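Peer 1: Attaching a single structure in structure tokens format; questions to follow.
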Amino acid sequence: MPPASAPSFCGPRELLRPGKSTGTLGPMHLVLATAAQKAQRDAVTHAAWGSPLTVAQFQGRELRLRSHPWCRAGMKTWLWVGDDGAVLSSCESFSNHSHLRAPDGTREAGESFSIASVYTEPHLRGHGHATRMMDAVAQELGRLSPRAHAAVLFSDVGAPLYRRSGYVESAAWDWTAPSEGAPPGRAERLGEHDVASALARLRVPDAPLVLWPSAAQLDWHLERERIYAELLERPRPQACGAVVGDSTALWCMMARYGELVLLMLDARSPADAEALLTEARRVAQGARLPRVVVWEEPGTAEVLAAVAGRVGLTRAARDGALPMTRPLHARLPVVEPVPFSRALWV
Ligand SMILES: CC(C)(COP(=O)(O)OP(=O)(O)OC[C@H]1O[C@@H](n2cnc3c(N)ncnc32)[C@H](O)[C@@H]1OP(=O)(O)O)[C@@H](O)C(=O)NCCC(=O)NCCS
């Protein structure tokens, strides 16, 4: 790998406008993509994330997702470019609400960023472009946001690449149940218009750093569901969550994988967990999705283990989507354990 060239940056808190570079001194630098550059990049990254969509369908998907209110409020597309302007690598960042526990126990509201779609074209790989871009993006996000707590990502290529840029991985376990054979349940189903009130019912985990999704962020998952339901011409689930007593679950369809994935789960007892997961299985079966998948979190591990036998759940190390965290805040030397709900995935 050639020696890394140090990126250069513009002045303090100067806002980077699309098409403007963070500096001109270094041979490689960071740029915020223009709308045209984003569309060009979609055509390139289709190779990694487009299947089974055509390039045009994938570009349409990306355009629609970028138009979603959650993205309009806090999504950026970053380009790592050479001195000739050629794009060497690219990624996206999304803004999340986060809370950091202060030494006196109070919670400081701030901002964290999820990074996604890290991509280097095959002929440019292995030259350190993605690594240098990840370093520069984290530096830039920390510089632009005075309230920045952390950057997070969900790696599909293991931990080593991102460890180089200061990211630390968290444990990643999934619980999977077949949708078939679920008995009638006692949970009440939720529709899209119930998402905000359902979110307000959920208990925020007690952890040093918590990233907490907004209702708009949860709807972004449903927007993906809507897009794939249309493009793949398949039915959507008849509910996006359920409640029973004080317990709540929210979920969405991953059509390409035949899965209903739990986005958020707050089950206050094993009986409630069983009712919510039973309802999820019934909804999944109605949408012709063979499986229900739940991401284990520190706060859900015990209740999931308790009901596994009754709901048909089996636990396995997650394949892909390895959560990793990088501090952007001086008071964040150790970030374990970060509760990663599936709702945070991008
Ligand atoms: C992953 C990717 C972004 C790396 O880009 P790059 O510019 O070549 O990255 P760097 O040169 O900084 O680092 C390369 C390292 O990444 C590792 N890497 C690349 N693809 C990998 C994979 N699929 N699994 C594990 N490691 C991988 C390489 O082995 C290499 O490690 P080494 O230097 O120890 O040999 C690029 O391979 C790519 O675009 N892949 C397809 C899209 C993708 O999977 N993106 C990641 C989503 S989390």
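The values are calculated or read from the model by the stated rules, or taken from the named source; none is laboratory data. As the structure is a prediction and not an experimental result, all values here were calculated from the model. Note: ideal-geometry Cβ built from the backbone for every residue, glycine included; neighbour counts use all protein chains shown. For accessibility, only protein heavy atoms count, side chains too; no ligands or nucleic acids. Shrake-Rupley method; radii C 1.70, N 1.55, O 1.52, S 1.80 Å.
Peer 1: Normalised by the number of residues in segment 28-86, what is the relative contact order in percent for Cα pairs under 8 Å and 6+ residues apart?
Peer 2: So the answer I get is 61 percent.
Peer 1: Please compute the length gained on full extension between E233 and R288, using 0.36 nm multiplied by the number of residues separating them and subtracting their Cα-Cα distance.
Peer 2: 18.6 nm
Peer 1: Mind putting a number on the dipole of segment 173-317 about its Cα centre? Charges go on the C-beta only, +1 for Lys and Arg and -1 for Asp and Glu, and I need it in Debye to the nearest 20.
Peer 2: Roughly 360 debye, rounded to the nearest 20.
Peer 1: Quick one: length gained pulling V55 to E180 fully straight, 0.36 nm per residue minus the C-alpha distance?
Peer 2: Extra length available between V55 and E180 comes to 41.6 nm.
Peer 1: Further question on the same structure: Expressed as an acute angle from 0 to 90° and rounded to the nearest 10, what is the orientation of the C-alpha long axis of helix 215-231 relative to the principal long axis of the chain?
Peer 2: So the inclination is approximately 90 degrees.
Peer 1: A further question follows. For V157, V31, write out the residues from largest to smallest accessible area, computed with a 1.4 angstrom probe and no ligands counted.
Peer 2: Listed by decreasing accessible area, they come as V157, V31.
Peer 1: Can you give me the angle between helix 129-144 and the longest principal axis of the chain, using Cα atoms only, in degrees from 0 to 90, rounded to the nearest 10?
Peer 2: 80 degrees
Peer 1: How much mean residue ellipticity at 222 nm does the chain get from its helices, if each DSSP H run of length 4 or more adds -39500 (n - 2.57) and you divide by all residues, to the nearest 500 deg cm²/dmol?
Peer 2: -9500 deg cm²/dmol
Peer 1: On to the next question. Any idea of Y167's accessible area? Nearest 10 Å², probe 1.4 Å.
Peer 2: Here the accessible area works out near 10 Å².
Peer 1: Continuing with the same structure: Bin by bin, in steps of 10 Å, what percent of the Cα pairs in the chain do you find, going until the bin that has the longest distance?
Peer 2: Cα pair-distance distribution for the chain, in percent: 5, 24, 33, 24, 11, 3, 0.
Peer 1: Give me the percent relative contact order of the chain, please, defined on Cα pairs under 8 angstrom at least 6 residues apart.
Peer 2: Averaging sequence separation for qualifying contacts and normalising by length gives 19 percent for the chain.
Peer 1: Taking only Cα atoms, what is the 0 to 90° angle, nearest 10, from helix 55-67's long axis to the longest principal axis of the chain?
Peer 2: The helix 55-67 is inclined about 80 degrees to the chain.
Peer 1: Sticking with this structure for a sec: In the chain, what % of DSSP beta bridges are antiparallel (nearest 5)?
Peer 2: 90 percent
Peer 1: Given the convex hull over the Cα atoms of segment 173-317, what projected area results after averaging over all orientations, in nm²?
Peer 2: 8.1 nm²
Peer 1: Search the structure for amide H atoms under 5 Å from the amide H of S214, placed 1.01 Å from N in the peptide plane, and list their residues when 5 or more places away or on another chain.
Peer 2: When sequence neighbours closer than 5 places are left aside, the close amide H contacts are H97.
Peer 1: Once you keep just the Cα pairs under 8 angstrom separated by 6 or more residues, what percentage relative contact order results for segment 173-317?
Peer 2: 37 percent
Peer 1: What nm distance separates the two modelled labels at A116 and R268, each placed 7 Å from Cα along Cα→Cβ?
Peer 2: Calculated label separation equals 3.2 nm.
Peer 1: Ok, one more. If I model a spin label at A306 and V204 as a point 7 Å from the Cα along the Cα→Cβ vector, what separation in nanometres do I get?
Peer 2: For the pair A306/V204, the computed spacing is 2.5 nm.
Peer 1: Another question, if that's okay. Using Cα springs under 10 Å in a Gaussian network model of the chain, which residue among P184, P290, P298 shows the largest mean-square fluctuation?
Peer 2: P184
Peer 1: If you don't mind, another one. Less than 19 Å from a label point 7 Å out along the Cα-to-Cβ axis of R226: which backbone N atoms in segment 270-299 qualify, by residue?
Peer 2: It comes to no residues whatsoever.
Peer 1: Excluding ligands and nucleic acids, what accessible area in Å² is computed for F113 using a 1.4 Å probe, to the nearest 10?
Peer 2: 20 Å²
Peer 1: Ok, one more. Taking every DSSP beta bridge with both residues inside segment 173-317, roughly what % is antiparallel (nearest 5)?
Peer 2: Within segment 173-317, antiparallel bridges account for around 90 percent of the total.
Peer 1: Separation between the A35 and A330 pseudo-spin-labels, each 7 Å from Cα along Cα→Cβ, expressed in nm?
Peer 2: Spacing of the two 7 Å Cα→Cβ label points: 4.1 nm.
Peer 1: Given +1 on the Cβ of Lys and Arg, -1 on the Cβ of Asp and Glu, and no further charges, what dipole in debye does the chain carry about its Cα centre, rounded to the nearest 20?
Peer 2: 400 debye
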